[in-house]
1. Restricting to segment 309-327, give me the number of residues that are within 23 Å of the chain's Cα centre (by Cα) and assigned to a helix (DSSP H, G or I).
2. For residue 118, all conditions in the list (1) modelled with pLDDT of 95 or more; (2) touching a helix residue (DSSP H, G or I) at 6+ places or on another chain (Cβ under 7 Å); (3) of a type outside the set (Asp, Glu) hold save one; what is the number of the exception?
3. Which of the numbered conditions does residue 151 fail, given that it passes all the others? Conditions: (1) surrounded by fewer than 21 Cβ atoms within 10 Å (Cβ to Cβ); (2) under 30 Å from residue 375 (Cβ atoms); (3) not aromatic (Phe, Trp, Tyr).
4. Kindly indicate whether residue 112 is modelled with pLDDT of 85 or more and surrounded by fewer than 20 Cβ atoms within 10 Å (Cβ to Cβ).
5. Return yes or no: is residue 345 assigned to a helix (DSSP H, G or I), touching a residue at least 12 places away in the same chain (Cβ under 8 Å), farther than 29 Å from residue 67 by Cα and out of contact with any Ser or Thr (no Cβ under 6 Å at 6 or more places or on another chain)?
6. Is there a residue being free of Cβ contacts under 8 Å to residues at least 24 places away in the same chain and basic (Lys, Arg) anywhere in segment 191-202?
7. Considering only helices (runs of 4 or more DSSP H) fully contained in segment 233-308, which possess at least 2 residues that are small (Gly, Ala, Ser), crowded, with 17+ Cβ neighbours inside 10 Å and at pLDDT 95 or above?
8. Check segment 162-182 and report whether any residue there is at pLDDT 90 or above, assigned to a helix (DSSP H, G or I) and within 24 Å of residue 101 (Cα to Cα).
Amino acid sequence: MKLINLQVFKSFFKSGSASGILLLSCVLVAIGWANSPYGGVLEQILATPLGGNPAGVQLRYPLLTWINDGLMAVFFLMVGLEIKRELVEGELSSFRKAALPVFAALGGVLAPALIYTLFNKGTPTAGGWGIPMATDIAFALAIIGLLGKRVPVSLKIFLAALAIVDDLMAILVIALFYSTEIQLHYLVYAGAVTLLLTLFNRMGVRRLVFYVVPGLLIWYFIHHSGIHATIAGVITAFTLPTTPDSRESPLEKLEHLLLQPVNFVIMPLFALANTNIVLEAGMLEGLATPLGLGIVLGLLVGKPVGISLFSWLAVKSGICQLPTNAHWKQLIGAGMLGGIGFTMSIFIAILSFTGQTALLAEAKFAVLTGSVLSGIVGFSMLRLLHKNDSR
């Protein structure tokens, strides 16, 4: 039997689209598994408690919590490192470029919420207005990663920065409107550790251990504060030192260490854990209800319209400028990918309809539908634009 050439696998894992292909494969596996006779097994695995309570410290959570709050904080750490590096020495190093994702994210939050409200005002589902606001950064970056060199790097950076700001806004909305109780003292503790890391940066401390270990404390404190713990990754990333020259900084060293584990372990596990949606009878009809229409149109229409409109206003006013080598049609395509909601949208749906099983199932299917359509349309549009630009 002829041995498989290992170089094929090496080339696959080095390719820009490899992580995207793996992630999408995990989505299909998760949906297929959830709707098979063994779907309950997956639920049991995700509900398995892991960890302990050493010295009274609560560190025992279900596997799903470790993936969504723990491993995804590492993902946000890596993306935060990329954003900070670009702010210091790259595509976002000028105010006019760095401010554009902020304006775009603001539009991408307001427009979907408005569309949802127009459909659901005065109904029992009116409280779910936050569902179509969020962009799933992991899936959005995976889809644009499949395009490889067909889109400029600056557009990928724009989408990553937009999604980070978008998620921060979503976390703020959850904290203000969907959380039952915020533990302020834990936030004070997290703030104190953040100040310590900032001091380390100012003092020129370069060893990663002095940032990673306190970063774990920030995660713990934010997790217990009642705010989504993934923000700890972004906070920690922005405290790490970097340099505007070619010397490898602690930030870049950590970024290189995290790249493969995030792309080929954390993101696939995230996909398996969060797209195991059971397809039930009546879900298609649910897409025509105010709840379904508000979510699907909020993601598919509201996201690109809000992102594009606010970006256009920011650029035309002279406050911002377009990403390098990108044009308006490409930015609209990136805005379409912003309509991929998935995990954060499903999370807000769970908070909105706790105990309302039928509405929650309907909302989850609408999120899945709107996200898939946004991904297909955005990917197809950017691919077609590349073909036209190449002629």
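1. 3
2. Condition (2) is where residue 118 drops out.
3. (1) is the only condition that residue 151 fails.
4. no
5. It is false that residue 345 is assigned to a helix (DSSP H, G or I), touching a residue at least 12 places away in the same chain (Cβ under 8 Å), farther than 29 Å from residue 67 by Cα and out of contact with any Ser or Thr (no Cβ under 6 Å at 6 or more places or on another chain).
6. Looking through segment 191-202, at least one residue is free of Cβ contacts under 8 Å to residues at least 24 places away in the same chain and basic (Lys, Arg).
7. Here the list reads 290-297.
8. Yes.
The values are calculated or read from the model by the stated rules, or taken from the named source; none is laboratory data. The structure presented is a predicted model; accordingly, all values stated were derived computationally and were not measured. FYI the Cβ positions are ideal-geometry reconstructions off the backbone, even for glycines, and counts take in every protein chain you see. With ligands, DNA and RNA removed, areas are computed over all heavy atoms of the protein, side chains included. Shrake-Rupley method; radii C 1.70, N 1.55, O 1.52, S 1.80 Å.
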